[in-house]
Amino acid sequence: SFKVSGTIESIDVEVGQAVQKGEIIAVLDASTYELEVQRAQASLLESQSQLRSTKADYERTKKLYEAGDSSRSALDNARAAAETAEATTLAAKKLLQIAQQDLSYTNLRSTGDCQIATTPANSGENSSAGVEVLTATCGEGLEVKLDIPESVISIIKKGMDVEVTFSAIEDRTYQ
């Protein structure tokens, strides 16, 4: 499942397909998340500009205060404005990091070397964060549960190699 919501742009795998760890297996429309990154970048630039201005004002006020040409209140106000601008810049940096992280979540990647078991979602559908888009089985072997008639069970032994086919996956045999 995706960690963010959006419209599924593509599901790049099919049932039965093997995928490698880190491989992109599905993609959400990223346009909204790209705009959020751009907005966060602009906000950061704005706060950095404000920080430069308030720091310069503080330094000027400090020199005036030391020369006796400014009040203590004006110095305190300039310092508070600079500290506020610094905190605003730090918050803007964090918001940019969050926006970039959310953008990265529009690519669903395989968490391991797996095989795709189901793909219940389709391209063009809206998906909420945490909703199953596909199922993958990971690990050394595939576990299959079968109903076997009693007349055949006596010839099957534990550990015996078998071939399995599924009507939903044409032209594919599993061993």
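The values are calculated or read from the model by the stated rules, or taken from the named source; none is laboratory data. Just so it is clear, the model here is predicted, and its values are computed rather than measured. Using ideal geometry, Cβ is built from the backbone for each residue, glycine included, and neighbour counts are taken over all protein chains shown. Accessible surface areas use protein heavy atoms only, side chains included; no ligands, DNA or RNA. Shrake-Rupley method; radii C 1.70, N 1.55, O 1.52, S 1.80 Å.
Values as computed for the structure displayed
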quantity	calculated
Within region 79-103, considering residues that are open to solvent by 60 Å² or more (accessible area, probe 1.4 Å) and of a type in the set (Ser, Thr, Tyr), the one farthest from the chain's Cα centre (by Cα)	THR84
Filtered residue count, region 134-162, keeping only those that are within 30 Å of ALA26 (Cα to Cα) and at pLDDT 80 or above	5
Any chance LEU64 is under 26 Å from the mean Cα position of the chain (by Cα) and surrounded by 12 or more Cβ atoms within 10 Å (Cβ to Cβ)	no
Positions within region 8-31 being of a type outside the set (Gly, Ala, Ser) and open to solvent by 50 Å² or more (accessible area, probe 1.4 Å), in sequence order	GLU9, ASP12, GLU14, VAL15, GLN17, GLN20, LYS21, GLU23, ILE24, ASP29
Where a residue in region 152-175 is without any contact (Cβ under 8 Å) to a residue 40 or more places away in the chain and within 13 Å of GLY16 (Cβ to Cβ) and its partner, wherever it lies, is part of a loop (DSSP other than H, G, I, E, B) and open to solvent by less than 100 Å² (accessible area, probe 1.4 Å), with Cβ under 6 Å and at least six apart	VAL164/VAL144
Wholly within region 49-146, strands (runs of 3 or more DSSP E) carrying at least 3 residues that are closer than 30 Å to GLU36 by Cβ	107-109
The one condition in (1) of a type in the set (Asp, Glu); (2) farther than 30 Å from THR119 by Cα; (3) touching a residue at least 12 places away in the same chain (Cβ under 8 Å) that ASP76 fails to fulfil	(3)
Residues of region 4-48 that turn out to be among the basic types (Lys, Arg) and either more than 21 Å from ASP113 (Cβ to Cβ) or assigned to a strand (DSSP E or B) (or both), as a count	1
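Here is a yes/no grid of residues against (1) of a type in the set (A, V, I, L, M, F, W, C); (2) modelled with pLDDT under 95; (3) out of contact with any helix residue (DSSP H, G or I) (no Cβ under 6 Å at 6 or more places or on another chain); (4) within 30 Å of GLY16 (Cβ to Cβ):
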| position | (1), (2), (3), (4) |
| --- | --- |
| GLU36 | no, no, no, no |
| ALA42 | yes, no, yes, no |
| GLN50 | no, no, no, no |
| ALA56 | yes, no, yes, no |
| ALA78 | yes, no, no, no |
| ALA85 | yes, no, no, no |
| THR89 | no, no, no, no |
| LEU96 | yes, no, no, no |
| LEU103 | yes, no, no, no |
